[in-house]
């Protein structure tokens, strides 16, 4: 027997609000996928090839990475348009006073 589900209508654009924590969680998920790909010995070219592939032709991993990349890019684009971004400097390994990040 068929089950009823909700779906976004074709050609719809849905406005959502995202707070900084969700933005960071999305970026962390993207970084995790990247690290997972590298830990499996996959080459960076695997991700580079996403630019040349159509969505149906991508592997499951590539589709997940691509989808999160688009989400992060849209969050950043929208934040910039709404003047809700700020530039700040962060220390990188080798800088005096650098402390490796921790999950908190």
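General remarks:
- Among the residues of segment 47-75, those that are in contact (Cβ under 8 Å) with a residue 12 or more places away in the chain and within 20 Å of residue 27 (Cβ to Cβ) comprise 47, 50, 61, 62, 64, 65, 66, 68, 69, 71, 72, 75.
Every residue, every condition in (1) at pLDDT 90 or above; (2) surrounded by fewer than 10 Cβ atoms within 10 Å (Cβ to Cβ), yes or no:
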| position | (1), (2) |
| --- | --- |
| 22 | yes, no |
| 25 | yes, no |
| 32 | yes, no |
| 39 | no, yes |
| 42 | no, no |
| 57 | yes, no |
| 63 | yes, no |
| 71 | yes, no |
| 79 | yes, no |
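- Here residue 93 meets the list (1) in a helix (DSSP H, G or I); (2) farther than 24 Å from residue 18 by Cβ almost entirely, failing just condition (1).
- Within segment 44-55, considering residues that are at pLDDT 90 or above and exposed (fewer than 12 other Cβ atoms within 10 Å of the Cβ), the one nearest to the chain's Cα centre (by Cα): 55
The values are calculated or read from the model by the stated rules, or taken from the named source; none is laboratory data. None of the values given here were measured: they were computed from a predicted structure. Cβ: placed from backbone, ideal geometry, glycine included. Neighbour counts: every protein chain shown.
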